[in-house]
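Throughout, read-outs are computed from the coordinates displayed, never taken from laboratory work. Predicted model only: the values in this text are computed from it and were never measured. Cβ: placed from backbone, ideal geometry, glycine included. Neighbour counts: every protein chain shown.
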Amino acid sequence: MQSQKVTGVSAKFGLLEALHKLRPDLNMDTIADLIIDEPSYFRDHKDVHKAGIRAVRHYFQYGEKENRKLTYPRLGFSRLLSPNKVTKGKTVFFTSATDENPSWIYRCLFPFKTEEFQNENLFFSGTNLFSHLLLGFFTARKAVFLRPTYTALTIYLIQLCRRIGVEVQFDYDDLLLPEFARQRGACRSGLRTHREDFSESLKQSSLALHADSFTCSTEAIASELRKTNPNVTVRKNKLPLSMFSSREEIDTRAKSLKIESRKLRILYLSGSNTHKRDFSTVMGPLVKLAQEYSNKFTITFMGSLSDYSSLFRTIGVGSDMRSTVSFDKMLEIIPLHDLVIVPLEYSVFNHCKSNIKYIESASQGVPVIASSVTEFSSAITNGVNGWLCDDEFQWYETLKHIVLNPSEVGACGIRAFEHAKKEHSL
């Protein structure tokens, strides 16, 4: 992530003075103790200690550029310095994920990195320089941590917020509590053991004790979070209207589906390979469909799922495999297809998931056929703006009906587009 211009004061002063100017209620010695563990820095860099330079001065003037080791101060989670919350300042969004992470895009960038909020919000990842993070957090009245991970940096930033009176908010778009570890995709797909998943989610969820509030993407997640903290707000995932296709383009694709020789083009967006078990719910119906109607459809697999394209080609169905692409590129690939399939196992975890695959596909006028888990059922009216399936029999019968009546797909896609534009756009 590119560094952001969080303040102009650091250009005129050193970092310590800049932070003091941002928070004059904290003296510079206090700030120095908040941002660096001086004994550890001297122990790791004896040349600095020998030269008699303060650790805070050396690191932020020279050490950071030299990639010197830094130990974050152990601040604890108390609010001893600033018992009252800061009431003025910016909202800082932080993630340890990459810029291409879907959660980061949907939960933070889409709704808040806009011209309307450009002077109110700042966005950071773990790849930012530590000095830039500090400047950002010292301007903050609230810090939003997206799916906070149990890392030294994240723990330190949460502790810093609590010590200087910045509100701490966690944002979740999945059910990450340890009691549901066995339901998570990696565990269900055999990529991790229950013990591994439970241990990791237990550490992550321990941080939730130090959040003042939560936001999440579904009511099902909120109902679980409210068992420990009542201050939970549901904010549904939505897609910027600028990313929607035009109605004219969608109408043209819908007309092309009336051509009798035209094969239906099916797309499966797997995302990560944690969806192996999810895909298993539709594998049998797809193979049976391929054996009976190989000349009626093609199928593309995109993501890091195992490559099943050769199996379908052997049966006689046109099929290919594509690797994971950027978000913008994915939105270009979706309208090259007619139908997106979203198979999901019935589990507590999947019932808490957002319906972003419906939103993304509908934005391009492409309907989905999905398992009838909560969020997809709330968006899709079966046979109107998409299709819902409860079991393998329904998957087969629905897929069969669709490939034999492709003109229905075009009409369904138009209705999905209009619905998503009205209910799921920013």
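Look at where the Cα atoms of the stretch 134-170 and of the stretch 59-124 average out, and the two centres are 6 Å apart.
Can you pull out the chymotrypsin sites (Phe, Trp or Tyr not before Pro) in the stretch 318-375 whose DSSP state is coil and whose Cβ has at most 16 other Cβ atoms within 10 Å? Can you show the working numbers first?
Working: sites: PHE327, TYR346, PHE349, TYR358; in loops: TYR346.
The qualifying sites are TYR346.
Toward the positive end of the charge dipole of the chain, with +1 on the Cβ of Lys and Arg and -1 on the Cβ of Asp and Glu, the farthest Cα among HIS337, SER323, SER40 is that of SER40.
In this structure, the pairs whose alpha-carbon distance is over 31 Å, taken from LYS288/LYS357; LYS46/LYS203; LYS88/LYS238; LYS69/LYS276, are LYS46/LYS203; LYS69/LYS276.
What is the percent of Cα-Cα separations in the stretch 241-423 that go past 29 Å? Cα-Cα pairs of the stretch 241-423 separated by over 29 Å account for 12 percent. Between the listed residues PHE138, ILE155, ALA379, the Cα displaced farthest toward the positive end of the dipole of the chain, a dipole computed from Cβ unit charges relative to the Cα centre, is found at PHE138.
Values (i) 4, 17, 23, 22, 17, 10, 5, 2, 1, 0; (ii) 4, 16, 19, 19, 18, 14, 7, 2, 0; (iii) 4, 19, 26, 21, 15, 9, 5, 1, 0 are given for comparison; P(r) over Cα pairs in 10 Å bins from 0, in percent, derived from the coordinates here, is the one labelled (iii).
Could you tell me how many cubic angstrom of Cα convex hull volume the stretch 343-426 has per residue? Walk me through the numbers before you get to the answer.
Working: hull volume 6.2 nm³, N = 84.
Convex hull of Cα atoms, per residue: 74 Å³.
About the centre of its Cα atoms, the stretch 15-113 shows a dipole size close to 220 debye [charges on the beta carbon of Lys, Arg (+1) and Asp, Glu (-1) only; nearest 20 debye].
Hey, what did the chain get for relative contact order, percent, Cα under 8 Å, at least 6 apart? Could you put the intermediate results ahead of the total?
On the way: 738 pairs, mean separation 55.5, N = 426.
Across the chain, relative contact order equals 13 percent.
Tell me, how many Å apart are the Cα centres for the stretch 33-56 and for the stretch 380-403? With the stretch 33-56 and the stretch 380-403 each reduced to a Cα centre, they are spaced 65 Å. For ALA140, the residues 5 or more places off, or on other chains, whose built amide H falls under 5 Å of its own are LYS90.
Place +1 on the Cβ of every Lys and Arg and -1 on the Cβ of every Asp and Glu in the chain, take the dipole about the Cα centre, and give the residue among LEU70, LEU305, VAL168 whose Cα lies farthest towards its positive end. It is LEU70.
Between TRP387 and VAL368, ILE369, ALA370, the built amide H atoms are under 5 Å apart, and every one of these is 5 or more places off in sequence or on another chain.
State to the nearest 20 debye the size of the charge dipole of the stretch 241-423 about its Cα centre, where the only charges are +1 on K and R beta carbons and -1 on D and E beta carbons. Show your work: numbers first, answer last.
Working: 20 positive and 21 negative charges, 66 e Å.
With only Lys, Arg, Asp and Glu charged at Cβ, the dipole is about 320 debye.
Note on the chain: with charges restricted to the Cβ of Lys and Arg (+1) and Asp and Glu (-1), its dipole about the Cα centre is near 880 debye. Structural descriptor for the stretch 241-423: relative contact order 26 percent, calculated from alpha carbon pairs under 8 angstrom and at least 6 residues apart. Calculated mean residue ellipticity at 222 nm for the chain: -11000 deg cm²/dmol, from DSSP H runs with n ≥ 4 weighted as -39500 (n - 2.57), summed, divided by the residue count and rounded to 500.
Taking amide H positions as modeled 1.01 Å from N, with prolines and chain starts lacking one, the residues under 5 Å from LEU122 and 5 or more places away or on another chain are THR91, VAL92, PHE93.
Note on the chain: GNM, Cα springs under 10 Å; of LEU80, LEU264, LEU146, the largest mean-square fluctuation is that of LEU80.
Taking the mean number of other Cβ atoms within 10 Å as a proxy for protection, how do you rank 284-290, 364-370 from highest to lowest? Present the calculation step by step, with values, prior to reporting the outcome.
On the way: 284-290: 19.1, 364-370: 26.3.
Ranked by mean Cβ neighbours within 10 Å, highest first: 364-370, 284-290.
Only beta bridges with both residues in the chain are counted; by DSSP, about 0 percent of them are antiparallel.
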